[in-house]
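Asks: So that we are looking at the same thing, I have put the structure below in structure tokens.
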Amino acid sequence: MTIILGCDHGGFNLKNEVIKYFNNKNVDYKDMGTYSSQSVDYPLIAFNTAKEVMKLNTKGILFCGSGLGMAIAANKIKGVRAVCVSDAYMAILSREHNDANILCLGERILGINAALYIIETWLNTPFLEGRHKKRVQMLNEFP
Ligand code: RB5
């Protein structure tokens, strides 16, 4: 599975740390930018990353200062269930109950080790289906 990554200037350093981690662990990823710490508008990055996630039917991780703007923007793309997460329990629930397909993290909120732990947890937690399946289907069916 290719993980799609995107960030604005506020999440640039954290994304780079995650890329280093993914390289060490041989995790396949695609980096949608931004590629420098120059100021950039997060909605553009979020839309491109979210579209790529849908196109490849995979998962994505977005980084900004708070994680919030990226989640708001990514959720504009149909089929995306983007969540802004700041601890491992939220990461688990967002996968088990919501089948989240984009994880949004804030560089100003999280240290690197906390972020990496959240990412590992999120990527390795399956959707529980069962009673949650119908609810996620309702989200998908909303025009
Ligand atoms: C950029 O200053 C900041 O607003 C952005 O990274 C993000 O936190 C938006 O939600």
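Asks: Just the residues that are of a type in the set (A, V, I, L, M, F, W, C) and out of contact with any Ser or Thr (no Cβ under 9 Å at 6 or more places or on another chain), please, taken from region 94-116.
Replies: Listed by number, the residues that qualify are Ile112, Ala115, Leu116.
Asks: Can you run down the residue pairs with Cβ atoms below 7 Å, 6 or more apart or on separate chains, where the first is in region 86-99 and among the basic types (Lys, Arg) and the partner is in a helix (DSSP H, G or I) and surrounded by 15 or more Cβ atoms within 10 Å (Cβ to Cβ)?
Replies: Arg95/Trp122
Asks: Follow-up question, since we're still on this one. Could you please give the count of residues in region 8-53 that are outside any helix (DSSP H, G or I), within 16 Å of the ligand (Cβ to nearest atom) and surrounded by 14 or more Cβ atoms within 10 Å (Cβ to Cβ)? Explain how you work it out, then say what you get.
Replies: Step one: of region 8-53, the residues outside any helix (DSSP H, G or I) are 8, 26-41.
Imposing the further condition that a residue be within 16 Å of the ligand (Cβ to nearest atom) reduces the set to 8, 32-41.
Add one more test, that the residue is surrounded by 14 or more Cβ atoms within 10 Å (Cβ to Cβ), and what stays is 8, 32-34, 40.
Residues in region 8-53 being outside any helix (DSSP H, G or I), within 16 Å of the ligand (Cβ to nearest atom) and surrounded by 14 or more Cβ atoms within 10 Å (Cβ to Cβ): 5 in total.
Asks: If you don't mind, there's one more thing I want to ask. Would you please name the residue that is nearest to the chain's Cα centre (by Cα), looking only at residues in region 91-109 that are assigned to a loop (DSSP other than H, G, I, E, B) and more than 12 Å from the ligand (Cβ to nearest atom)?
Replies: Selected residue: Asn101.
Asks: Is one or more of the residues making up region 72-89 over 23 Å from Gly10 (Cα atoms), part of a loop (DSSP other than H, G, I, E, B) and out of contact with any Cys (no Cβ under 6 Å at 6 or more places or on another chain)?
Replies: Within region 72-89, the subset over 23 Å from Gly10 (Cα atoms) is 78-79, 89.
Checking which are part of a loop (DSSP other than H, G, I, E, B) leaves us with 78-79.
Adding the requirement that they be out of contact with any Cys (no Cβ under 6 Å at 6 or more places or on another chain) leaves 78-79.
Checked against the condition, which is being over 23 Å from Gly10 (Cα atoms), part of a loop (DSSP other than H, G, I, E, B) and out of contact with any Cys (no Cβ under 6 Å at 6 or more places or on another chain), region 72-89 yields at least one hit.
All of the numbers you see were taken from the coordinates with simple rules; none came from a lab. Please read all numbers here as calculations on a predicted model, not as lab measurements. Here the Cβ is made from the backbone with ideal geometry for all residues, glycine too, and neighbour counts use every protein chain on show.
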